[in-house]
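The values are calculated or read from the model by the stated rules, or taken from the named source; none is laboratory data. All values derive from a computational prediction rather than experimental measurement. Ideal geometry is used to build each Cβ from the backbone, glycine not excepted, and the neighbour counts take in all protein chains shown. When the accessible area is computed, the model is the full protein with side chains, heavy atoms only, and any ligands, DNA or RNA have been set aside. Shrake-Rupley method; radii C 1.70, N 1.55, O 1.52, S 1.80 Å.
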Amino acid sequence: MMVLDALNSGPTAEAISQIIDTIAEFLYYASDVLVKKDSFKELSAYLERISPILKALKKGKVSDSEKFNHAIEILSREVRDAKQLAEECSKKNKVYLLMNCRTIIKRLQNITSEISRVIGLLPLATQGLSNGIIEEITKLCENMQAAEFKAAIAEEEILEKIESGIQEKNVDRSYANALLVLIADSVGITNEKSTMKKELDEFKSEIENARLRKDLAEAIQMDQIIALLERADAASSPREKERKYFDKRRSLGSQPLEPLQSFYCPITRDVMVDPVETSSGQTFERSAIEKWFADGNKLCPLTMVPLDTSVLRPNKTLKQSIEEWKDRNTMITIASMTEKIQSGDDEEVLHCLQKLHDLCEQKGQHREWVLLENYIPVLIRLLNAKNRDVRNNALVILCLLAKDSEDAKERIAKVDNAIESIVHSLGRRLGERKLAVALLLELSKYDLLREHIGKVQGCILLLVTMSSSDDNQSARDATELLEKLSYSDQNVIQMAKANYFKQLLQRLSTGSDEVKMLMATTLAEMELTDHNKESLFESGILAPLLHLVSHNDVQMKIVALKALQNLSSLKKNGLEMIRQGATRPLLNILFQHSIPSSSLWEHVAPIIMQLAASTMSQDAQTPVSLLECDEDVFNLFSLITYNVPDVRQYTIQTFYALCQSPSASYIRTKLRECTAVQVLVKLFETENQKLRGSAVKLFSCLVEGCDEAIILENVNEKCIETLARILKSSSDEEEIVSTMGIICSLPENHQITQWLLDAGALVTIYNYIQEGKDKDLQRSKLVETSVSALCRFTVPTNLDWQKRAAEIGIITILVQLLESGTMLTKQQAALSLAQFSKSSQGLSRPLPKRKGLWCFSSSAAESGCLVHGGLCTVKTSFCLLEADAVVPLTKVLGESDPGACEASLDALLTLIEGERLHSGSRVLADANAIPLIIRFLGSPSPGLQDKSLHALERIFRLVEYKQQYGPSAQMPLVDLTQRGNGSIRSMAARILAHLNVLHDQSSYF
């Protein structure tokens, strides 16, 4: 054996260099393989470790033996094979490679094993290798020998499904479609039809190349795979499918064939479905022969020879023949029914539809034939049939055809008004609605149809209605379909208009700024019901809208504010906004006097006003406050000084609402501190009627209970003239009522009342009362406040004012209102009548002296007033008797309202003042008023108790009335001596003494 010093030259050295170069080429191709990337990566790592070893060999001393050269030759061959495999796997079709993945794995495993074996021989033939190289060779061999390449689970699943499909021979289109999707996912391509068809075409080309290579076994196997995959929708164009189908159908003839005798089971006498062969060679239906064995029979039913019951072999040839016979007849049947379905005979149509339905349910291939026979337009037309069963059957079949079929969906898309006809069924009975929504849901998987569905008028509204249906399945389908339709912003807007806000809320929270703007604009412009507003708040609409309010873009802020204005008009929402802290960011915008902020004021101000209005009717136990501190009150009121009419008006309305809220006392106090009275009085002169009306209403809240000095300081003759003018000319009843309220609450100052008279206010007030009475509006707020305003003109300290009031007929109207007015109206009317009555005694004219015999005197018929003794009239002496006021006043005493009772009592008691005790008591007795006065002794009202006691103390001085009414008053009086306060007890005791019930020296005195 010869020993070389080194392999720097010669054939062996050249072979080693070629191996190193081939490894480099392998690494290049392996980095770009289309399948088994991890396996090629692992082999690449091994070969990269071999290159340094080979380079060391070239430098070492090796024995020039046949064995060494043979090892180098094998290594060279295996590395070339590895490179060729990597090159193939980087260039061939992906589907072809997937189909051959087991072969690829096997080749990788063999290459790795052989290279490992050869590398292990090299140290034995080489001298001078370092220990490190030798150790590396040992480790490398161990690693390569342990390497185990396997197909991925997904790949194995695909290959198993292909094998199963080839064996079964009767798999349908849906099976092929699902298989093609798995293949696409495995090789990393999209599920688009065009992409998958391209891959399949390339796959077919690879098969042709295999034939050219004379690899017939591979070509046959691949042809079977192609035959299976060509059943998928993506495998061929619709035109190709139609051509193949009609070529086959025309070759079959037009009449179904009877089954061959061999197709029948000898036991059941029916055509077999799963034929199996027994040990005797006879064929039976599997279920029938199994039952034969289960019944204890062990002989062949035909030959009676003993059978091996464990042997039942599938008769695949016969089964395939039966399937082909069935398919032939089914194809002819499907083709022959189109004319019958269009006959118009409901009975025949239903029969054909039921048969068609059964066929479609049996096999996917049947459904494909139905499509190819162009049944889609026929079924769509049937959706307009009058017969409900016909429509329902058509929908069922359309659902079966459309499910997982792009071809069916495309065909439906091409039929005029197809979607409209399906949508029309959404408005029919429940069963039809369920079928229609299920069909639309399936069709929505096709982009063109999904777009069309959303555009059909009324579709989204019907789906929204169905989404809340009691039928769970149809509700789920409708909701899912709405979800799919929500890809379009316009569809989302239509859903919102149909009161379905889920998608709008989602877009408002997570959409782009442009989408958020669109959704907020929709909310701002919609006419929402109270239920909608409440529902939106409960769904969390506030947070995203407040987030938009803080956006840098002014236009975005504006649309968000408009949406909040729309939603906050519901008082419940307004309170919730305050609770969730929405007030502060809104107030901050109002309080910032920068140009961008001031442009937002007109949008913020109405929201603040609505929030204030929401505080008017809240739960008193847990009240919320809109304005948290004095600074907020002062800053907000300062906006009234800015020349922005709408903002000024909304601000005033805000404070008016707050003056009706639980924080009214605090708000009024702070407004008076910030010169609100002065500012509002100036606004009485504004030409803007709405602004003036708001100012008048707020002033009416502040003037009540206000310091008289503040009022007198700001209310002058000009102000009074303005108020009188407003009272006379305004067309706004609320403004008129507020103006009346101001007149009622102004200090009863002589000068102010005189200004009012001079300005003609008294006549205007009278006219409003007269108009209200004539139009049966006595119960209106306007009449109430008008009657209250009259009181300042009827004070007994100014006879001139009383006369002017009486002359225009005030007293007569007041008496009428005692009968028909509200409790407050009756109270104020009685109060004015009482004030009038106090002046009656002095105004009653003495009776003229009689001349001659009394019985013949011309004035003999004249008699004086029963109470005042002189001549009385309504307009000259304001006499209650002449005004027929006593009976109405007495009736008021029977009312439950203590204020009205007390005012009426005051008026009646003016009749028994001073010397009028006897005559006045007679009038009260005739009107049955005394029993009512006695009843007030038990009243919870201290005022009524006190006044009734004083009245009875005077009335019971008269023996006649003491005897008539005393007994009924004794017990109430005794009760007052037990539980009344000091003055009440004393007065009750005094009356009891009049009644001789107590001694004058009793301790009660």
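Key figures for this structure:
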| quantity | calculated |
| --- | --- |
| Test result for S535, touching a Lys or Arg at 6+ places or on another chain (Cβ under 9 Å) and either open to solvent by 20 Å² or more (accessible area, probe 1.4 Å) or within 25 Å of T654 (Cβ to Cβ) (or both) | no |
| Residue check, A217 outside any helix (DSSP H, G or I) and out of contact with any strand residue (DSSP E or B) (no Cβ under 8 Å at 6 or more places or on another chain) | no |
| Any hit, region 807-830, residues being closer than 27 Å to L905 by Cα and without any contact (Cβ under 8 Å) to a residue 24 or more places away in the chain | no |
| Long-range neighbours under 9 Å by Cβ, at least six apart or interchain, first residue under 19 Å from L824 (Cα atoms) within region 757-771, second open to solvent by 30 Å² or more (accessible area, probe 1.4 Å) and in a loop (DSSP other than H, G, I, E, B) | Y766/I808; E771/L777 |
| Residues (in a helix (DSSP H, G or I), at pLDDT below 80 and surrounded by 15 or more Cβ atoms within 10 Å (Cβ to Cβ)) located in region 1-54 | T12, A13 |
| Options K962, K947: the member that is under 28 Å from G870 (Cβ atoms), assigned to a helix (DSSP H, G or I) and not assigned by the TED database to the domain that holds S837 | K947 |
| Residue ID - nearest to K571 (Cα to Cα), chosen from residues in region 602-615 that are open to solvent by 10 Å² or more (accessible area, probe 1.4 Å) and among the hydrophobic types (A, V, I, L, M, F, W, C) | A613 |
| Evaluation of H531 against (1) within 22 Å of L462 (Cα to Cα); (2) in a loop (DSSP other than H, G, I, E, B); (3) not acidic (D, E) (one fails), failing number | (2) |
| Count of residues meeting criterion [open to solvent by less than 60 Å² (accessible area, probe 1.4 Å), in contact with a helix residue (DSSP H, G or I) (Cβ under 7 Å, 6 or more places away or on another chain) and not in a helix (DSSP H, G or I)] in region 142-152 | 3 |
| Identity of the residue in region 244-276, touching a Phe, Trp or Tyr at 6+ places or on another chain (Cβ under 9 Å) and among the hydrophobic types (A, V, I, L, M, F, W, C), that ends up surrounded by the most Cβ atoms within 10 Å (Cβ to Cβ) | M272 |
| Condition check for T797: in a loop (DSSP other than H, G, I, E, B), more than 53 Å from the chain's Cα centre (by Cα) and not aliphatic (A, V, I, L, M) | yes |
| Residue that is surrounded by the most Cβ atoms within 10 Å (Cβ to Cβ) [pool: residues in region 373-393 that are of a type in the set (K, R) and under 19 Å from L443 (Cα atoms)] | R391 |
| Helices (runs of 4 or more DSSP H) fully within region 668-728 counting 3 or more residues that are β-branched (V, I, T), closer than 21 Å to L756 by Cβ and in contact with a helix residue (DSSP H, G or I) (Cβ under 8 Å, 6 or more places away or on another chain) | none |
| Near pairs, Cβ below 6 angstrom, 6+ apart or cross-chain, from region 327-352 (in the same structural domain as I376 (by the TED database)) to any residue that is surrounded by fewer than 15 Cβ atoms within 10 Å (Cβ to Cβ) and not in a helix (DSSP H, G or I) | D346/N387 |
| Qualifying residue in region 403-420 (condition: open to solvent by 20 Å² or more (accessible area, probe 1.4 Å), in a helix (DSSP H, G or I), among the charged types (D, E, K, R) and over 19 Å from E242 (Cα atoms)) | yes |
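Each row is one residue, and each column tells you yes or no for (1) out of contact with any Gly (no Cβ under 9 Å at 6 or more places or on another chain); (2) in the same structural domain as V35 (by the TED database); (3) open to solvent by 60 Å² or more (accessible area, probe 1.4 Å).
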{"site": "I166", "(1), (2), (3)": "yes, no, no"}
{"site": "R173", "(1), (2), (3)": "no, no, no"}
{"site": "V181", "(1), (2), (3)": "yes, no, no"}
{"site": "A184", "(1), (2), (3)": "yes, no, no"}
{"site": "E192", "(1), (2), (3)": "yes, no, yes"}
{"site": "E199", "(1), (2), (3)": "yes, no, no"}
{"site": "A210", "(1), (2), (3)": "yes, no, no"}
{"site": "E218", "(1), (2), (3)": "yes, no, no"}
{"site": "A227", "(1), (2), (3)": "yes, no, no"}
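Table: residues versus (1) in a helix (DSSP H, G or I); (2) over 15 Å from L47 (Cβ atoms); (3) among the aromatic types (F, W, Y).
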position: E88; (1), (2), (3): yes, yes, no
position: I104; (1), (2), (3): yes, yes, no
position: S116; (1), (2), (3): yes, no, no
position: P123; (1), (2), (3): yes, yes, no
position: L140; (1), (2), (3): yes, no, no
position: A154; (1), (2), (3): yes, yes, no
position: Q167; (1), (2), (3): yes, yes, no
position: I189; (1), (2), (3): no, yes, no
